[in-house]
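Every number in this text was worked out from the coordinates using simple rules, so none of it is lab data. These numbers were taken from a predicted model, which means no experiment stands behind them. Cβ placement follows ideal geometry from the backbone for every residue including glycine, while neighbour counts extend to all protein chains displayed.
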Ligand SMILES: [Zn+2]
């Protein structure tokens, strides 16, 4: 069973949920530890929200970064 890590952070640049200290999408180290909402993108190329947020890679994203 997968446990949700308390060390999860969110990239302020592209809003991707990351588990390390560097965003694996844009390479940014500008991470926030608090965020609201979770967006799961499976096919970003078909998603209007992904287009709006300029997300091109599937995965987990925060809706709002604090
Ligand atoms: Zn990023």
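Per the helix-only calculation at 222 nm, which mean residue ellipticity applies to the chain, given -39500 (n - 2.57) for every DSSP H run of n ≥ 4 and division by its residues, nearest 500 deg cm²/dmol?
That comes out to -2000 deg cm²/dmol.
Taking 8 Å as the Cα distance limit and 6 or more residues as the minimum spacing, I'd like the relative contact order of region 9-65 as a percentage.
Contact order relative to length: 39 percent.
Using only the Cα atoms of the chain, what semi-axes does the equivalent ellipsoid have when each is the square root of 5 times a gyration tensor eigenvalue? Give whole Å, largest first. Could the numbers behind the result be given before it?
Values: eigenvalues 68, 36, 25 Å².
Each semi-axis is the square root of five times an eigenvalue, giving 18, 13, 11 Å.
What's the FRET efficiency of residue 48 with residue 22 using the Cβ-Cβ distance as r and R₀ = 25 Å, to the nearest 0.05? Before the final figure, lay out each step's value.
Values: r = 28 Å, r/R0 = 1.13.
In this case the efficiency is close to 0.30.
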